[in-house]
1. Tell me, please, whether a residue that is part of a loop (DSSP other than H, G, I, E, B), more than 22 Å from Glu433 (Cβ to Cβ), touching a residue at least 60 places away in the same chain (Cβ under 8 Å) and not small (Gly, Ala, Ser) can be found in the range 553-567.
2. Going through the range 332-357 one residue at a time, which ones are assigned to a loop (DSSP other than H, G, I, E, B) and touching an Asp or Glu at 6+ places or on another chain (Cβ under 9 Å)?
3. In the range 1-96, which helices (runs of 4 or more DSSP H) lie fully inside it and hold 3 or more residues that are in the same structural domain as Tyr131 (by TED's automatic domain parsing) and under 30 Å from Leu306 (Cβ atoms)?
4. Please go through the range 243-260 and give me each residue that is surrounded by 14 or more Cβ atoms within 10 Å (Cβ to Cβ) and more than 27 Å from the chain's Cα centre (by Cα), ordered by number.
5. When the range 283-331 is examined, which residues are found to be buried (at least 20 other Cβ atoms within 10 Å of the Cβ), of a type in the set (Gly, Ala, Ser) and in a loop (DSSP other than H, G, I, E, B)?
6. Within the set of pairs 6 or more residues apart or between chains, which connect a residue that is small (Gly, Ala, Ser) inside the range 245-262 to a residue that is assigned to a loop (DSSP other than H, G, I, E, B) with Cβ atoms less than 8 Å apart?
Amino acid sequence: MGSTVETLEFQAETRQLLRLVIHSIYSNKDIFLRELISNASDALDKIRLESLTDPDVAADTSDLHIALDVDHDARTLTVRDNGIGMSRDEIVELIGTIAKSGTAGLLEKLKGAKDAAAAQSLIGQFGVGFYSAFMVADKVTLRTRRAGTDAGTQWESAGEGTYELRDVDGLPVGTSVTLHLKPVDGEDGLADYLSEPKIRQIVKQYSDFIRWPIRMATERTGAEGATTTEVDTLNSMKALWARPRNEVTEAEYHEFYQQISHDWQAPAKTVHMRAEGTFEYEALLFLPAQAPFDLFSREPRRGVQLYVKRVFIMDDCEALMPDYLRFVKGVVDTHDLSLNISREILQHDRQIRAVRRRLVKKVLGAVKEMQAGDAEAYASFWSQFGRVLKEGLIEDADNTAALLELVSAASTHDPDRTTTLREYVERMKDGQEAIYYLTGETRATVENSPHLEAFRAKGYEVLILTDPVDEVWVERVPGFDGHRLQSIAKGQVDLDEPADGDEAADAEKVKRDQDFAALLTWLTTALSEQVKQVRLSSRLTTSAACLVGDAHDMTPTLEKMYRAMGQQVPQVKRILELNPAHPLVTALRTAHEADPADPALTEIAELVHGGALLAEGGELADPARFTRLLTDRLTRAL
Ligand code: ADP
Ligand code: MG
């Protein structure tokens, strides 16, 4: 086998991470054992599954287990499994590097993490679990043989930049991780990890639900002083989801949640259900209190695992949860599926689809319960997951009504709190038909937008929608409770439509339209490069002008979003609306009547358009020209 000993360097990011793990991250060093046991358990799941689906593996799976070996003389603790094992290449890939994306981002976040708990949660999400061994060990030796192969490999490292690989003959299939423990140090939080009671306590606390036996040889001293060795199983192995709900404590749920989510906070809501009948399954689902930071990454992962009769089948089961509920964590254990089931088949399985529909309803019901129960908790939940839930308004037509009930939005009604659509509808003015909203990039730009002026003045409430996804769903949903959703920056808004039969007002309006007709025609031509029409507005009270879109035009924010994503979108020309009561607009009319050819008119028209663009937070095509025109005007005015 040639030279079998090889010294390799950790990937740079891995080194950085190792330093952080060893020196600062975990205040609770005990969790190293949970991490190693969880890796061993995963390895056992994998060999079990492979032996069922791939006859070539031909591994002995009759006694799959995890063993903890203590050697007092050598001061080592070994976590051993007869699971899938790793090949030499796999070791380099899985242990020597962090293959997962976003490592640089993680490191940045870790540096900014407020406390150890926050850092721990970040680390957990990235699965640097194995490295936690270096918190308690100054040297780690891993020996492993991949099922289906003969070659064994030893990996060894002191966690300081390099690791050594060598071939080893005669290893059993599976993996053993031997920790050469650091000296016990109360100050550093290093307990005596050779102590049997300590090991028992950690296993019970963190790994009790592990489905595989975790065994340890223990010495018993008999009455005559003779010592005998017996092997104990330390965990109960009971799958929590299989137990009746009333037999599970809150603390147990929380512990289990922590295990599957690596989130140190308690979940916001727990859903535990059992379906009986033709298709039996148990589901234990959790709604986290806080969003993971990769919630909006390019390839979001779902948090629901699929089991078949207690056998782990897959993580991230997309067939069980739609994208917009990707933050839901948990387990679904079905009784009637084949262990060989593939993702593709799952996607098309009629019964799985029925399960998914039921789970979605359950989850949305749990969110609804939270909304009805605790306003503060719900506000916090919505701030974390509202953006994702609103994706459901685009993806999931079956649940539009339920999702709309959950929507919480800022509103002009009360700047300090959000409103539901239901509350909005209850406050609607007599005769108001539509639910008014305005989208934009930030709350400040929306709140200061001229479009709001007349709505404010007349006491109509307007929803302020600033999540990017808002631009899309408001166009898709048919309406809420019989009321359509209407953008106040789009289409014609007639807030001072004269009351029926008010002839004087009608006549006044006709006259006003006539008075301005010539100016509007001229302006529409003068500004034809920038806008598709210039017309009078009933939206404005104090501003001279604003820009609006046609009913089905793309909003400027959406246009910008598409451009940012690199998509080609046509420039949408907008409509300039003028406030007929504003002195600038009336003066413009008089000037135009006096001399329609006055070149100053064109410049003022450009300034009015630029001002309207700025007021809504838009960007000028030529800011230098705008400034020059404005400066010239100001100079002349003084
Ligand atoms: P994670 O478990 O989140 O993937 P870890 O750092 O704990 O991250 O482990 C890294 C990878 O190393 C695992 O995904 C697994 O592929 C491999 N590994 C670790 N321990 C074992 C083991 N006992 N048996 C087989 N593979 C293992
Ligand atoms: Mg792990």
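1. The initial filter retains those residues of the range 553-567 that are part of a loop (DSSP other than H, G, I, E, B), namely 553-555, 565-567.
Filter again for more than 22 Å from Glu433 (Cβ to Cβ), leaving 554, 565-567.
Next, from what is left, pick out any that are touching a residue at least 60 places away in the same chain (Cβ under 8 Å): none.
Checked the range 553-567: no residue is part of a loop (DSSP other than H, G, I, E, B), more than 22 Å from Glu433 (Cβ to Cβ), touching a residue at least 60 places away in the same chain (Cβ under 8 Å) and not small (Gly, Ala, Ser).
2. At the first step, the residues of the range 332-357 found to be assigned to a loop (DSSP other than H, G, I, E, B) are 335-342, 349.
Scanning the range 332-357 gives His335, Asp336, Leu337, Ile341.
3. Working: elements: 12-20, 31-53, 88-94.
Passing ranges, in order: 31-53, 88-94.
4. Going residue by residue through the range 243-260, those that are surrounded by 14 or more Cβ atoms within 10 Å (Cβ to Cβ) are 243, 248, 252-260.
The answer is Arg243, Val248.
5. If the condition is that a residue be buried (at least 20 other Cβ atoms within 10 Å of the Cβ), of a type in the set (Gly, Ala, Ser) and in a loop (DSSP other than H, G, I, E, B), then Ala319 is the only one that fits.
6. Pairs that qualify, where the first residue is small (Gly, Ala, Ser) and the partner is assigned to a loop (DSSP other than H, G, I, E, B), are Ser261/Pro267; Ser261/Pro288.
Yes/no per residue for (1) at pLDDT 90 or above; (2) within 30 Å of Ser51 (Cβ to Cβ); (3) surrounded by fewer than 17 Cβ atoms within 10 Å (Cβ to Cβ):
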| residue | (1), (2), (3) |
| --- | --- |
| Lys111 | no, no, yes |
| Ala116 | no, no, yes |
| Tyr131 | no, yes, no |
| Thr144 | yes, yes, no |
| Gly152 | yes, yes, no |
| Gly174 | yes, yes, no |
| Gly186 | no, no, yes |
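Here is a yes/no grid of residues against (1) closer than 22 Å to Ile202 by Cα; (2) within 12 Å of ligand 1 (Cβ to nearest atom); (3) of a type outside the set (Asp, Glu):
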site	(1), (2), (3)
Phe32	yes, yes, yes
Ile47	no, yes, yes
Thr53	no, no, yes
Ala74	yes, no, yes
Leu77	yes, no, yes
Ser87	no, yes, yes
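The values are calculated or read from the model by the stated rules, or taken from the named source; none is laboratory data. Here the structure is a predicted model, which is why all the values come from computation and not from measurement. Here the Cβ is made from the backbone with ideal geometry for all residues, glycine too, and neighbour counts use every protein chain on show.
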